[in-house]
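A short reminder: the numbers here are calculations on the coordinates, not readings from a lab. These numbers were taken from a predicted model, which means no experiment stands behind them. Note that each Cβ is placed from the backbone with ideal geometry, even for glycine, and that neighbours are counted across all protein chains shown.
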Amino acid sequence: MPHLEYRIKPGDTLAAIARSYNVTLDVLARHNGISNPNRIQSGQLLRIPAAAGSSGSTSRPLTHKVSAGETLSSIAASYELTVETLAQANNLRDVNRLFIGQVLKLQSTPSASTGQTLNTRSGPPPQQQVTSGTLPQQHTTPLPASGSPPSIHDIMEVAFRITGAFEGGRATSYQNEDSGIVSYGKHQATLSSGTLGTILAKYVKRSTNPAAQRLAGFMDRVNRKDSSLRKDAGFKQALLDAGADPVMSVIQDEVFAQKYWPTAEQGTQSDKLKSPLALAMYYDTNIQGGLAAVRTATAKAMKGKPFSELAYLTEFNRQRDLRLQGLAEDKRSAARYKWGEEKEQLLNDAKWLDSSRSRVVALQSLVAAGDLQLRGDAQGLLHLNRYRVRGLSAGGASTTQPQQPAPTSPPRADAATLVKPPVVSKPSPNFGSRNGTDIDAIILHHTASNNVEADLRTLTKPSSKVSAHYLIGPDGTMYQLVQDEMKAWHAGESAIRGQKKPGVNSRSIGIEITNDGLGRTPFTEAQYQALEKLVPYLVRAYKVPMENLLGHRDVAPGRKIDPANNFDWSRVRRAVEASTGGTVATGPQDNNTGNASTPTPRKWSLSPSLDDVLKKGAVLKEGMQGPAVSELQRLLGLESPDGKFGSNTKLVVKTFNASAGVKMPPGLEGTATKATFEALKKKSPPNPIAGDVIAKAGVNLPEIARNVHAAMQGGLTSLGTNEEQVYTNLARLNHDAKLITEFKKVYAKTYKVDIVEELKSEFSNTWLYGDELNKALSYLSPRSSPPPKKTNPPAPITPGNKTPSPSPSPGGAKERSGKEWVNRFLPSNKVSDLKEPFQSKVRNFLTALTAGGVKYDINTTLRPPQRSYLMYYAREVASGRLAPDKVPAFIPQNNDAPVNIDWAHRDAQGKADLTAAKKAAVAMDKEYNAAKAIGKPYKSNHNGGEAIDMDFAPAWGIGKSVVDATGKTVTIRSKRDLLVVGATFGVYHWNYHGPKNKTDDPHWSKTGN
Amino acid sequence: MSRTLLLLALLLCAGPASAQSAKQLNTEGFRLYQAGKLEQAAQKFEAATEADPKHALAHYNLAATLGVLRKRGVFCEPDTSLNNILDHLTTAVRLDPRRLARAKEDADLDPIRNTVGWHRLLGLSPARTEDVPKLLLGVRKWYGPGVGVYGTLRTFTFLEEGKRAVMSQRQPGTEEGQGTEEREGTWSVSGRKVELRFPKGDPIILTLDKQGVLSQQGGSIGTENPITDAPSECEA
């Protein structure tokens, strides 16, 4: 049986895939042995069965919607068609000019390809519009008679021009003021991000310009990202000269196209954005950094709402601006605790961040002008703050470019017809601020009385602490008590589908209906008529999704019962549907199973309440609509619960019932009962990694993943990436190759993104980040490959950073004791001179300290036994405990070099000069400057490279938080706390096991001795 | 007095390094609290708990600030409901048990003393049958559900001496204090069941569930049930 293959991408649902290949969900599930359609994995290869036979249709859809980056030949190839056939079928004049979002006909007649064998493809499933009949006219993009739509290349060029205008715009632009070290060129490539290095490497290779030769001389330092280049005048001049070379300009575009364009393009694709403006905005954001964060924030803000591309882009700009503002604030507040150059740098960064907000303003002005096609003014110029750049129309494309229909916005009456029904104003003092929360719900209530005067009194009296936006009297009068923009106090402690935040009062409009709520008094015809005007108006004015048109009882179940059972919801819903074309609900229509080119209007009956299902044995089945269905869909993990129990929901329920072992009578397998809900609740929350915790070393990988992800997404109040949180958590992987591999898997599984890619996009490029990215990535490199320089312990301040000298003292003859001995048998302060496994333990400890913001200064790691011998006896003699002529000789072990020292300062006759000897020993001791306790040779753990002496800033790390080896975050409040943290890594302080004296305070070792 | 306690609490605070902004927000909130700008203080503390949900002190400070606001008659905005205050206080104590000792002495938190949640923190549990009488008395006044726009219409008060009980009831469409009918009787407990007897009429049987919610036998949701430790607020 011929079949297609499809590799699951992040965000796919089985239902969506099934739809796009015109197979039913359960056929697809069965074909692939999938028992739970909600448990599919990104990367999984699906076999798509050839068209489900009965209809005789083919698997190949009739149309294909062009995505960014596609060419006519790639599309043709993926459907096994020739370019000519496609061009002909679509009347294309220029095969190189495709328009993003353009819908191509794939077949001239539907019957032409029946029975055709399809090739294997791994790209996205074709965006299917219809499966039979002819294409509805509004879906095609009629090509203008003159000119043709812009190619992706045209769009890229304009995007480059836009970003170029913001960034400096010229190949020679040079800037050395921020943490990017040196930013250069049209796109302001920074040295710290490595992009400048890539550009220069290409340039040096390709250009014969003298500037290229001069730059070649700098490549070593460029590759090291040497910060001294910031102030190197020769480097600057070479860059400026190279900028005049056209080759440089070409290379700059090339590198940026490769490095930053694909992410931007993929971003627009997965966010289902189609306009050139969207591409330009995503690209510009990616260049600046933070595309992933802004996208996430936007998606979150837009969630559950129907939106147009314009609305989405507006929100995107708002979120981008908020992020920049937040980052600038972060920098400024960080600067408060810093001094000198560091402070300057932070304040400078803040300033740059502030000024960069103007690019968001400029882009938003294009959005506000509705110029999604980047056509510009009459001259074809885009106005970006004080810059003018050529738009798309000037690039040869027609000025009569068709405006793409907004992808998800339903056909809707224009603003002019959106008229608010007349209201009587009765202001209530009981209201508050929505605090920025958008209105996305409407809650209906009954007042529990038939007396509108009493209702009004209560709702407007300060002491009652209650209100609503509207009250509908029995005569149909609509009273407005609280302005829509304000928060009324009608919902109390409630939740929409379990979500308490944002508060229901903050996000909703409350409508009270005067009725005693006993279920006997009918709601009046006048009240229904009022609601039929008011609710559709509110739904459209605030883009409230149908599923959020709720009763108080739905948001406070078990406590509230309003509106009463005799309230006819269907009248209100019908009015809303009539006004909005029935498509207000978010996401794909559940009832649209892909067999009709326009959704068949369907009569939905009101579903029983969840309570009734759980307590009274009510059943949810196909054709019902209501909050209980939404809840069912939510629990099933459907992509966009619309509250409508359509055939799609039915299939998912059926599959779930079967897989969860919920027994259903024949014919009712696709319905949901109490048992279904119980099985759903038992099902672990949709957390694909549950139970995947790696017990090893107590490292909780999902938790680390969560923390890192959260840090990158920014919390509710902290915008942008919390770098420290990323470091601290990644440090917990201990550079362990296995853990890192596992962690990457867990991360990819949970968040459907590669951690490295996400780090790159979060910490990426230009002037804001650079070092941070390297630092973050270093935690993901296993120990065997040493981490980049940045994460190595900082160079110690004292003493000299010299390797131990294996050189013995002058051979043969003994040399008198004295200061010069101190420079022999030198100690090391390098961690790399420690013996394994202690070395790794120390590294892990130090990494955790660095991540926690504790600085350390290593005095000694490996101390040769000879040095111990010299130190020990110098102290003995200096202190008078031992006479110089009684000092024993050093007895070497393990082939160690001898120490030919004359402690007694004997003359040729062998006579000792004890005074001089003691003086020399005192001088030596002073020079060694050792702590009170000195280990005897071969006794000290230092001799075997199993001890480390160090100091901390702040002292003992007090006030900082460090993640210990078990993954626990420990706030250091005392010296003891740090000792305990060290012990978890297997690094024991001198005092750890008991001794209280401070004789060797800097000393840590494998045993504590 | 409570301010001193808060200050002490502030000094003892040392959040994780990753929560720099939470710490700052908490500090800013405390300054505002000191300056008597309680609404703004509550906003800052809340932001701090959102920035770092594990910041015990911010939760505590938020609870205390909301407590003062509630004492001053501020309701709904910000959310000074007993449940909200208790949520934050309980979180604070869970994260840092030392907060409990302070909470016991902090007058800011007086509004929540008569709640199930507070008695839970003190060690009682509605899940234990033997704690039922203690909880009934500890909460003292219990509130029926809010009915329509008229709020809680019915309350039960349990008194120790003589096992006296007071039931108060008013009708929807009336204003608070207007036409309220009060009945005095006695109460007795058997297991989870509470029987209230009044001079006239049938006894009322209430049951305390393991979550600390009372319900009247035969009562219907939305009018009689549920009966909780908090009045209906900010809902119509």
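Ranked by how many other Cβ atoms sit within 10 Å of their own Cβ, fewest first, the residues B:GLU130, A:GLU167 fall in the order B:GLU130, A:GLU167. Peptide B:46-52 is shielded by partner chain Cβ atoms: per residue, an average of 3 of them sit within 10 Å of its Cβ. Once C-alpha pairs closer than 8 Å and six or more residues apart are averaged by separation and normalised to the residue number of chain B, the relative contact order reads 14 percent. Rounded to the nearest whole angstrom, the semi-axes of the ellipsoid equivalent to chain B, taken from the Cα gyration tensor as √(5λ), stand at 37, 20, 14, largest first. Shielding by partners for peptide A:513-521, expressed as the average number of C-beta atoms from other protein chains within 10 Å of each residue's C-beta, is 2. Shielding of peptide B:75-82 by partners, expressed as the average count of other chain Cβ atoms within 10 Å per residue Cβ, is 5.
For the stretch A:945-1009, treating each Cα as an identical point scatterer without solvent, what Debye log10 I(q)/I(0) comes out at q = 0.13, 0.17, 0.20, 0.29 1/Å? Debye curve over Cα of the stretch A:945-1009, log10 I(q)/I(0) at q = 0.13, 0.17, 0.20, 0.29 Å⁻¹: -0.31, -0.54, -0.75, -1.37.
Take every pair of alpha-carbon atoms less than 8 Å apart whose residues are at least six positions apart; their mean separation over the length of the stretch A:170-325 yields a relative contact order of 18 percent. Counting other Cβ atoms within 10 Å of each Cβ, which chymotrypsin sites (Phe, Trp or Tyr not before Pro) in the stretch A:264-308 have at most 15 and sit in a DSSP loop? When the chymotrypsin sites (Phe, Trp or Tyr not before Pro) of the stretch A:264-308 are filtered for loop state and at most 15 Cβ neighbours within 10 Å, nothing remains. Within the stretch A:470-587, the proportion of Cα pairs with more than 19 Å between them is 48 percent. Between the alpha-carbon centres of the stretch A:482-512 and the stretch A:605-635 there is a gap of 23 Å.
Maximal additional length on extending the A:GLU836-A:LEU668 stretch stands at 53.9 nm, based on 0.36 nm per residue less the C-alpha distance.
You can think of it this way: the chain between A:ASP754 and A:ASP220 has 189.2 nm of extra reach, that is 0.36 nm per residue less the Cα-Cα gap. Spin-label model, B:THR174/A:LYS500: points 7 Å from Cα along the beta carbon direction are separated by 3.4 nm. In this calculation the C-beta distance from A:GLN213 to A:LEU240 is compared with R0 = 22 Å, giving a FRET efficiency of 0.90.
Here the contact order of the stretch A:883-924, divided by its residue count and restricted to Cα pairs under 8 Å and six or more residues apart, works out to 35 percent. The residues neighbouring A:GLU485, those whose beta-carbon lies less than 13 Å from its own, together hold a net charge of +1 under the Lys/Arg +1, Asp/Glu -1 convention. Positive end of the dipole of the stretch B:97-236 (Cβ unit charges, origin at the Cα centre): among B:VAL213, B:PRO97, B:PRO172, the Cα lying farthest that way belongs to B:PRO97. Evaluated at q = 0.17, 0.20, 0.31 Å⁻¹, the base-10 log of the normalised Debye intensity for the stretch A:927-978, with identical point scatterers placed on the Cα atoms, takes the values -0.74, -0.84, -1.14.
Once the chain from A:VAL619 to A:ASP475 is taken as fully extended at 0.36 nm per residue, the excess over their C-alpha distance is 48.2 nm.
Of the cross-linked pairs A:LYS835/A:LYS918; A:LYS300/A:LYS560; A:LYS760/A:LYS975, which ones have a Cα-Cα span greater than 32 Å in the structure shown? Result: A:LYS835/A:LYS918; A:LYS760/A:LYS975 exceed 32 Å.
Using the Cβ-Cβ distance between A:TRP339 and A:LEU381 with R0 = 41 Å, the FRET efficiency computed as 1/(1 + (r/R0)^6) comes to roughly 0.30. Only aspartates and glutamates eight or more places from A:LYS745 in sequence, or on another chain, were considered; those with a Cα closer than 20 Å are A:ASP12, A:ASP692, A:GLU703, A:ASP736, A:ASP754, A:GLU757, A:GLU758, A:GLU762.
If you wrap the tightest convex hull around every Cα atom of the stretch A:825-864 and split its volume per residue, you get 50 Å³. For the stretch B:153-236, the alpha carbon convex hull comes to 120 Å³ per residue, rounded to a whole number. Counting neighbouring beta carbons within 10 Å and listing from fewest to most, the residues A:PHE567, A:PHE677, A:PHE845 come out as A:PHE677, A:PHE567, A:PHE845. What's the center-to-center distance, using Cα atoms, between the stretch B:190-208 and the stretch A:290-335 in Å? The two parts, judged by their Cα centres, are 57 Å apart. Calculated over the stretch B:91-155, the projected area of the Cα convex hull averaged across directions stands at 5.8 nm². Using the Cα coordinates of the stretch A:224-360, the gyration tensor eigenvalues translate into equivalent-ellipsoid semi-axes of 32, 24, 11 Å, sorted from longest to shortest.
Legend: Rg and Dmax of the stretch A:826-915, from Cα coordinates, 18.8, 62 Å. Placing dummy labels 7 Å off each Cα toward the beta-carbon, the span from A:ALA883 to A:ALA912 is 0.5 nm. The alpha-carbon atoms of the stretch A:863-968, seen along their principal axes, cover 66, 31, 17 angstrom, with the largest extent given first. Protection proxy ranking of A:889-899, B:95-105, by the mean of other Cβ atoms within 10 Å over each peptide's residues and highest first, is B:95-105, A:889-899.
Rounded to the nearest 0.05, the FRET efficiency derived from the C-beta distance between A:SER781 and A:GLN258 at R0 = 30 Å is 0.80. Counted over all Cα-Cα pairs of the stretch B:36-75, pairs farther apart than 14 Å make up 39 percent. Each residue, A:LYS819 and A:GLU525, gets one label point 7 Å from its Cα in the Cβ direction; the gap between the two is 11.3 nm. Judged by the mean number of other Cβ atoms found within 10 Å, the most tightly packed of the peptides A:935-948, A:903-916 leads the ranking A:935-948, A:903-916. Net charge of the neighbourhood of A:MET664, taken over other residues with C-beta under 14 Å away and scored Lys/Arg +1, Asp/Glu -1, is +2.
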